[in-house]
Each structure stands twice: as structure tokens, then as C-alpha cells.
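Quick notes on the structure that follows.
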Amino acid sequence: MSSIHIERKNDLIIVSRISEPESTVSWKKSIHELIFKETEDTNIAVNEEDTYKVFLWESIDENVLLIYSKATQIKCLLTTENGAFLRLIDRSNKVLSASITPEKLTIKWFGAIRNKFNLNISNFRLYIDEKNFIKFNMPVSKKLLHEEAESKKKYITTFEYSVDQLIYENASINCRLYITMQVNDNEVSFPLKLDDTAETHHPTLISSMFYKDHVLHLRRSFLDTITLVRRPMEPVEHTLKFRFLENPKISNKLYDLGKKYKESNKKKINLFYEKFAEKAEEGTFEVFQEALKNPTTKSYFIIDKKSSDYKKIKRYKNIVKKFSFRYYWLLYRTSSFISTESPNHINIIRSNNNYFRTIMKEVNFIFLQHGITYLKCHGRFSPFLAGKESEPTYMFVGSDKEKHVTSQMLELPVERILKTGLPIFSKLTYKHLNQDSKDIVVIMLTWKPYEEYLSDFEQSSYFKNIKRLFEILQKDLQKENIIIVAHPKVNDQLSKTSFGKNIWNRPISEALAVAKLLITDYSSACYNSFYQGGGVIFFQEDLELYEEVNGKLIPEDHEYIGHRAFSFDELETLLIEGIKDHKIILNKFRTDEFEKRYLTINEFCDGKNVQRICEELKKLGII
């Protein structure tokens, strides 16, 4: 006979099997050594009566420390509460087919649960969003599916749901489809999974359509889950020309012709563009102009003819209007996308065009970056992560620090990350702002996606923080010297407030160019502003929540290029010390120490980044 004993000595976990005659086998581990969500095998075997048994379930900082036996061995796991329950449940979970038509969303799903731990499991739903779900019954037993003698039809559920109910005001654009259930009075969920034996795990459209001024599609995600995408149609999507050129049959023909062209022509085609293919302000256009000088490749700059920047550059050679016939012919013949933005920006974000998505996977993506990656964490959901559809073939950075952290976060080989400086800094004048510059403060806070559920915008921390910041600054500065750069999602709502006249409606770059002091929370715009001579304050009153949702920020405490404030009292103290008689005392916010820190994150201040980028692209044979 033997018995299992679990001990906690401070942070040390001890799992022991005590046998007769006297003998003990133990496994020890510090909680701090556990890798979150990864199961630790203790190599301690159990008797039949102790199989499928929970020995410890303990809450630790909103997570769960779980020690349990599955089959013949004891395992240890630190994970979320949802993850702990799922580890105790064996699931069959496979989408057999899925489609969306004007009439209905249809999903055929194979699923069942093996409940060896005798949990209380009930109330199954296919969850689409908080307003849309389908109740159903799922088979639950203690046996494996192949042990069942009954037909597999028992495990197949066909879900059908009206498309009209999926379209409503302020609906989330992306909805991953989940199965939810009650387990011991707790809600537990897991995403619907597609066949994971596919050769590629790039996101792929499964089914798509235009319906009642909306675009809807089902897509395979990077993690082989199924996602419903719904968004309002862009104005161009209403036009006959767009519908014709984006028609699957036409797209297929263009794709095939483009492939034959690339096989028979040695001269490569490169397409350059910026944000939404509407801008020419981030430095991509300057790289494009240099690329034009090389006769061995063909380079084109894509831009929407309705954008204000189009009028500025239309006289230049090889400027191509977005969505024109020429644009589509080039799109399928290109060898490389070269941009400060992801490949999605050259077409329509969340496009219904599967052939365009295929092109994104097949051609080079040269990522010039529009801002320094040394503030926000780029985790597993970053579109630039290795294996995802926006994975860069090559990426340009401004320092060894940035090179190291992007290689680590995005899982990119370090040799594909090139240190030249970013093109945007070739357009900016280094340290042109000084003590004699106009005393302008720019407020530029980050919109938090986890607040999108709020029906009343004025209850969001985003609104409350901007309102309070504005009130504090008005005590020491003239109102007209306070600029608010609003996130596009809330620009209209902020414009209707008492400080609406202070909302900046011109290019962000122009606001940063006059910012003697920038107040931000998590925006990489801080590096652009500092480059030009401004000071920076980081107002991070919600830091703990932000990092919990988005991952830990990159800079260590000693790497920040400005003072940090974690409350309004701290912020107000900084402003009182640094603004006197309506004048911003620049050296209070821009110290010698902050300058030293900055130059370890952005090493190039000579304005020659574009030249260095083009030299590297020539060496690689891209331009």
C-alpha cells in the first residue's frame, strides 16, 4: 500500500508517495520555477484508486495551482482557472464544415467530453458573442470515443444561426467561436478547433460574403481556431469596379497570370505603401524614391487617390492608384511588399479576397517599421510573429537593444533583423525643439481594447484620464497650447466634449513636431517626439491591468526616456515642478540621463537611415 502526500513550505511544493514498508519517493519544485500553463511531470506513480484524482487546487494571484493524477502519474500545473478545469476534461473538438450565407451561419461540429474526474458538467452553448449563442447537448461519459459502440452521428452537432442577428451596432469585429459550459458552477470555455493536420497554419478564409452593408467571413486563425469577422463595408466595396476586380473568378485568373509572369521574368516588382495605402509620411516613400534609381528592379508606390497625400506625390514616377486596374495587375505580379505597415494595409484590412491573402504568404514582406519597438510587448497575438501572415522576411530596427528584443518577442532569426535606423527618422530634424520653442503639450494616450464593451464612452478610463489631464494642464498653460491626439476609434466622441476644440485633426507627425512636452502612457510615439527635442512623461496609472492584459512592457525601469507617474498626484507634482509662469522648463523633462538612455534605443541621429536601408536592400537583391 502507498499514500500520496502534498506539502507547501512557503513557495516550495513537495509531492511524496509513502509506501509500505517505509520508503518515500518525493518531487520538489518552487512555484517560481513553474512555467505558466506548462504541465510538470513529477514521475511519481499512483495506484489504481488514486488515478484521475485532484490532490491540490489552490488559488494563487487569480490563477490556480493544480496537482492531479491522470492515468498513472501525478502532474503539477500553474494556470488559469479555465485552463485548470480544461486540463481535467478530455475533449473531442473538430469543426467538420463551416459556411456563412445571407440566410444563416452553419457549422457542423464533432465533439464530446470524457469526464474521468466526475465533475459536474452542464449547460453547453456555442458562444458567438454576448448577444448570440446556441444551447445544445454534448455527450459526456467516462469512456474514450473509440470505446463507444454507437454510431459517430451521436457526436455530431449542426449549428445554424440567423445572420441578421449577428449584425448590430457596436458588434465586435472579430469573434472567436467558443464552446462554453458550467463545470462545478464555474463557466469554462474552449475555442472550436479546425483540422490541425493542414500543411499550413496561416489564416485562411473558409467562407465569405457581402451582406446588408457589411462584410462577413469565417476564417481559420493562426491557432487553427475558427473566427467570425464582421465589419461595415468600406465605401469602395460598394462600387461595381471593385466587386468585379475582387470577384473570386477574376482574382483567380489574375493570380494565375501573375504567377506565370514571375516565372518568366527575371526583373522583380516591388510595391511600396504606407498606412492603409493612404499616406506618404512615414519614410516608405523616401525609400521608394531611392529604389527607383536601381534599373534592375521595378518599384511602384501604391496610394489611394482620395487621400490628401496623393495630391502631394502624384507627379512622381510610378505612383499607382489603389484599386485601379494597374494596381491589381501589379498586386499579383509583385515579389515584395516594402512598407512601414503590415501587408494588409495595401488592400483592405480583413479583406474577403482569399487570393490576396495567398499572395501575402508567398511574397517577401520587408518591414521598415513606422515606430520603434521598445515599449509595448508583442506577444503571441502580434501579426508580425514568426509563422503568422505578416511575418517579416526582413525587419529594420534602430539599435542592438531593439534588434535583440524583436528577435526574442517575434521569434525571428537575428540575421533577418537589420540595424539601420527607421526611415521616419530621416524625415525628422534631430533636436530642433529647445527651451525657446513654443510651450505646447501633446496628450496622446492609448485606447484600451478591453474597454470596448463599455456602452458609455465617458465611463472609460481613456476618457476620464484625458479629461483630468486637460484640467490639470489648464492650471499652468494656455488652453490653446494643449493638443489632444485622439485614437481614431474615439475621435468623434471626444470632439463633442468641452475640450473638443483641442483635438488634433491633422497628421500625428505634425503634432509631435511641435510637442515641447508629450504625455503618453504606452505609445512608441515617445521616441519620435524625443528625437525632435521634446520631453516625455509616461502616465501609467493602470499599469498593472495593462500588463496583465497585454503583457509586460519592454523597458526596464532604468531605460525609460522620461519621468513616470502612476497617479494624478504624481503627475501634477511633475508638472508643477516643470512648468513655471506658463513656460515648460525643458531640462526638467529632458535630462542628460534620459538622453543617454534614448541613444541606446535609437542609435542613429544623422538623418541617413533611408540610405542605409537601401544599401541593405541592394545587398539582399531586393531593390
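The values are calculated or read from the model by the stated rules, or taken from the named source; none is laboratory data. Remember, predicted model here, so these are calculated numbers, not experimental data. We place every Cβ from the backbone using ideal geometry, glycine too, and count neighbours over all the protein chains shown. Ligands, DNA and RNA are stripped out before the accessible areas are found, and what is left, the full protein with its side chains, is counted by its heavy atoms. Shrake-Rupley method; radii C 1.70, N 1.55, O 1.52, S 1.80 Å.
Counted as qualifying within segment 496-603 are the strands (runs of 3 or more DSSP E) with 3 or more residues that are crowded, with 21+ Cβ neighbours inside 10 Å and at pLDDT 95 or above, namely 517-520, 535-539.
Close Cβ contacts (under 8 Å, 6 or more residues apart or on different chains) running from residues in segment 459-488 that are open to solvent by 10 Å² or more (accessible area, probe 1.4 Å) to residues that are of a type in the set (Ser, Thr, Tyr) and part of a helix (DSSP H, G or I) comprise Ala486/Ser495; His487/Tyr462.
Residue-by-condition table, conditions (1) free of Cβ contacts under 8 Å to residues at least 60 places away in the same chain; (2) open to solvent by less than 20 Å² (accessible area, probe 1.4 Å); (3) in contact with a Pro (Cβ under 9 Å, 6 or more places away or on another chain):
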site: Glu391; (1), (2), (3): yes, no, yes
site: Tyr394; (1), (2), (3): no, no, no
site: Gly398; (1), (2), (3): no, yes, no
site: Leu412; (1), (2), (3): yes, yes, yes
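The criterion of at least 3 residues that are in contact with a helix residue (DSSP H, G or I) (Cβ under 8 Å, 6 or more places away or on another chain) is met by the following strands (runs of 3 or more DSSP E) wholly inside segment 318-388: 319-321, 336-339. Can you confirm whether segment 428-442 contains a residue that is in contact with a Ser or Thr (Cβ under 8 Å, 6 or more places away or on another chain), among the charged types (D, E, K, R), within 21 Å of Leu518 (Cα to Cα) and open to solvent by less than 80 Å² (accessible area, probe 1.4 Å)? Taking every residue of segment 428-442 in turn, none turns out to be in contact with a Ser or Thr (Cβ under 8 Å, 6 or more places away or on another chain), among the charged types (D, E, K, R), within 21 Å of Leu518 (Cα to Cα) and open to solvent by less than 80 Å² (accessible area, probe 1.4 Å). Over 30 Å from Lys249 (Cα atoms), at pLDDT below 95 and not hydroxyl-bearing (Ser, Thr, Tyr): is that true of Leu385 in this structure? Considered against the rule, which asks whether it is over 30 Å from Lys249 (Cα atoms), at pLDDT below 95 and not hydroxyl-bearing (Ser, Thr, Tyr), Leu385 comes out as yes.
Right, His558: in contact with a strand residue (DSSP E or B) (Cβ under 6 Å, 6 or more places away or on another chain) and over 23 Å from Phe457 (Cβ atoms) or not? Against the criterion (in contact with a strand residue (DSSP E or B) (Cβ under 6 Å, 6 or more places away or on another chain) and over 23 Å from Phe457 (Cβ atoms)), His558 does not qualify.
Counting only residues that are within 15 Å of the chain's Cα centre (by Cα) and open to solvent by 30 Å² or more (accessible area, probe 1.4 Å), which one in segment 355-378 is modelled with the highest pLDDT? Looking at residues that are within 15 Å of the chain's Cα centre (by Cα) and open to solvent by 30 Å² or more (accessible area, probe 1.4 Å), I get Lys376.
What are the pairs with Cβ atoms under 7 angstrom where one residue, in segment 503-523, is under 25 Å from Glu544 (Cα atoms) and the other, located anywhere, is open to solvent by 10 Å² or more (accessible area, probe 1.4 Å) and of a type in the set (Ser, Thr, Tyr)? Sequence gap at least six, or different chains. Short answer, once both residue conditions are applied: Asp521/Thr446; Tyr522/Thr446; Tyr522/Tyr546; Ser523/Thr446. Of everything listed in (1) within 24 Å of Tyr211 (Cα to Cα); (2) modelled with pLDDT of 95 or more; (3) of a type outside the set (S, T, N, Q), the single unmet condition for Lys135 is (1). When Leu512, Leu517, Leu553, Leu575 are screened for being within 22 Å of Val405 (Cα to Cα) and not charged (D, E, K, R), only Leu553 passes. Name the one entry in Lys262, Lys253 that is among the basic types (Lys, Arg), at pLDDT 95 or above and either out of contact with any helix residue (DSSP H, G or I) (no Cβ under 9 Å at 6 or more places or on another chain) or part of a loop (DSSP other than H, G, I, E, B) (or both). So the residue among Lys262, Lys253 that is among the basic types (Lys, Arg), at pLDDT 95 or above and either out of contact with any helix residue (DSSP H, G or I) (no Cβ under 9 Å at 6 or more places or on another chain) or part of a loop (DSSP other than H, G, I, E, B) (or both) is Lys253. The set of residues from segment 80-132 being under 26 Å from the mean Cα position of the chain (by Cα), open to solvent by 70 Å² or more (accessible area, probe 1.4 Å) and either modelled with pLDDT of 95 or more or among the acidic types (Asp, Glu) (or both) comprises Glu81, Glu130. Of all the residues in segment 64-73, those that are open to solvent by less than 40 Å² (accessible area, probe 1.4 Å) and under 23 Å from Lys143 (Cβ atoms) number 2. Can you find a residue that is touching a residue at least 24 places away in the same chain (Cβ under 8 Å), assigned to a strand (DSSP E or B), in contact with a helix residue (DSSP H, G or I) (Cβ under 8 Å, 6 or more places away or on another chain) and of a type outside the set (Lys, Arg) anywhere in segment 446-453? The answer is no; no qualifying residue exists. Scanning segment 269-295 for residues that are part of a loop (DSSP other than H, G, I, E, B), in contact (Cβ under 8 Å) with a residue 40 or more places away in the chain and farther than 22 Å from Ala513 by Cα returns a single hit, Asn294.
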